């Protein structure tokens with residue numbers, strides 16, 4: 001088909017560009033599935049596996065294309081342009097429909113997953129169809145072994161570039177609204193350039209020109225309607241008005257408002273509400289601070305909203321606070337956004353705090369500083385990728401960072417909705433060489449919530465429950481916590497803390513993830 005080297009190179013460059021766009025389209029769908037359905041590891045596994053399978057199906061289908069290969073390739077590019085561009089619109093739009101018709105939450109997730117997986121399959125099949133067509137178009141210029149290697153390497157190189165661009169440019173700066181549109185633009189421009197360069201070689205010119213005009217019209221319509229549709233679809237997932245929404249390279253951050261109250265969500269999960277957040281943050285911070293032998297140096301793992309810092313700063317003896325939070329967008333938001341700045345009382349502007357945007361486990365490996373209190377305010381253990389910061393190995397690392405008489409406290413999910421997960425975290429701390437004190441509190445917007453205080457076995461020979469019950473909390477500058485509330489928090493019923501059949505969570509055997517999924521979330 002192509003007899004000159006220049007023509008052959010042009011086609012390979014086109015395949016490089018479409019390979020880049022195609023892989024990013026699958027990344028977009030994987031991210032959408034994670035956000036709309038949940039469970040990062042599962043969604044990325046299914047979407048990417050489905051894509052590879054579909055590419056095989058597309059390759060098989062290509063054998064039925066016997067004539068007009070260049071025309072077919074250009075038409076496929078136009079089709080990919082539209083499908084890539086509307087992927088987010090279709091996903092959010094359908095999610096919106098499932099909410100509007102009143103489907104139960106599990107049905108919403110099921111039907112939304114079908115829509116996303118279907119898109120992944122179709123896009124994967126079209127990508128798989130492209131490669132054999134380009135190989136056959138190029139067969140007159142290169143011998144078989146060179147032809148196949150040239151075509152495949154361009155597609156794979158494009159995929160590498162696509163992955164880099166998605167992680168470091170597209171997702172952080174364009175988000176899920178405009179990244180798919182940019183991908184569609186890549187396919188559209190590739191097809192348009194091929195028309196300009198090889199117009200004389202085209203067989204069905206009228207069809208190609210019509211497809212160009214139709215795709216351009218649809219593409220312009222998508223550009224102007226995408227933002228509205230996606231925002232509407234996103235709004236349908238929340239009961240209250242969205243006042244802030246941003247997709248970072250790590251997570252989706254949303255702030256909503258109802259009357260005078262605000263909610264913070266990360267990946268669709270509530271982190272706090274200004275209605276009752278004191279019932280979470282005061283118990284998280286003050287028992288550990290009051291129990292520690294020295295509170296000059298504090299470490300916070302997570303807690304990027306600055307609310308735990310606000311409570312820590314109520315203790316005048318604190319000299320240094322190190323916050324390790326993965327997402328710089330979250331910590332910057334806590335420092336500068338008027339809603340968070342007001343609720344955290346500008347705690348992130350304190351000269352006592354140092355923010356380190358890093359993975360908590362990585363920080364511990366590269367830091368040998370010791371702390372009087374370590375506060376763990378990480379997300380719930382709802383994904384496999386979080387298991388390493390809830391593992392036995394991680395807790396042993398923490399033990400090495402405690403001073404003598406130091407205290408660790410962690411949020412430990414709900415002892416009511418996810419009792420086994422709560423007990424697993426407690427048992428894992430005990431296995432790591434800690435003496436623990438589980439406690440709980442009812443938070444109206446979140447339900448029954450739990451925390452675990454841990455001290456090194458060798459530091460405290462006495463009963464932690466007795467120690468904490470003798471501390472005077474009434475003199476603290478708090479709005480909720482006092483001596484009476486502490487007594488109720490540290491007591492459970494008989495079955496609530498029975499961990500006889502509970503296993504320890506390790507990186508090799510992440511049972512905590514299974515326990516969390518077994519919880520009764522959403523039943524009540």
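In table form, for the structure just shown:
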{"item": "All positions within segment 23-41 that are in a loop (DSSP other than H, G, I, E, B) and either touching a helix residue (DSSP H, G or I) at 6+ places or on another chain (Cβ under 7 Å) or closer than 17 Å to residue 178 by Cα (or both)", "result": "none"}
{"item": "Output for segment 329-342, where each listed residue is in a helix (DSSP H, G or I), touching a residue at least 40 places away in the same chain (Cβ under 8 Å) and more than 15 Å from residue 281 (Cβ to Cβ)", "result": "329, 330, 333, 339"}
{"item": "Some residue of segment 139-150 being modelled with pLDDT of 80 or more and crowded, with 17+ Cβ neighbours inside 10 Å", "result": "no"}
{"item": "Among (1) buried (at least 23 other Cβ atoms within 10 Å of the Cβ); (2) touching a strand residue (DSSP E or B) at 6+ places or on another chain (Cβ under 6 Å); (3) assigned to a loop (DSSP other than H, G, I, E, B), the one test that residue 293 misses", "result": "(1)"}
{"item": "Strands (runs of 3 or more DSSP E) fully within segment 398-484 counting 3 or more residues that are closer than 22 Å to residue 313 by Cα", "result": "402-411, 447-456"}
{"item": "Within segment 233-267, tally of residues that are more than 20 Å from residue 171 (Cα to Cα), at pLDDT 90 or above and either surrounded by 20 or more Cβ atoms within 10 Å (Cβ to Cβ) or out of contact with any strand residue (DSSP E or B) (no Cβ under 7 Å at 6 or more places or on another chain) (or both)", "result": "7"}
{"item": "Every residue from segment 343-381 that is part of a helix (DSSP H, G or I) and either closer than 23 Å to residue 453 by Cβ or touching a residue at least 40 places away in the same chain (Cβ under 8 Å) (or both)", "result": "343, 347, 348, 360, 361, 363, 364"}
{"item": "Unmet criterion (only one of (1) farther than 19 Å from residue 89 by Cβ; (2) out of contact with any helix residue (DSSP H, G or I) (no Cβ under 7 Å at 6 or more places or on another chain); (3) in a strand (DSSP E or B)) for residue 209", "result": "(3)"}
{"item": "Filter pass, residue 133 being more than 25 Å from residue 31 (Cβ to Cβ) and either assigned to a helix (DSSP H, G or I) or modelled with pLDDT of 90 or more (or both)", "result": "yes"}
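The values are calculated or read from the model by the stated rules, or taken from the named source; none is laboratory data. On a predicted model such as this, the values are computed, not experimentally measured, just so you know. Positions of Cβ are generated from backbone atoms using ideal geometry, with glycine treated the same way; all protein chains shown enter the neighbour counts.
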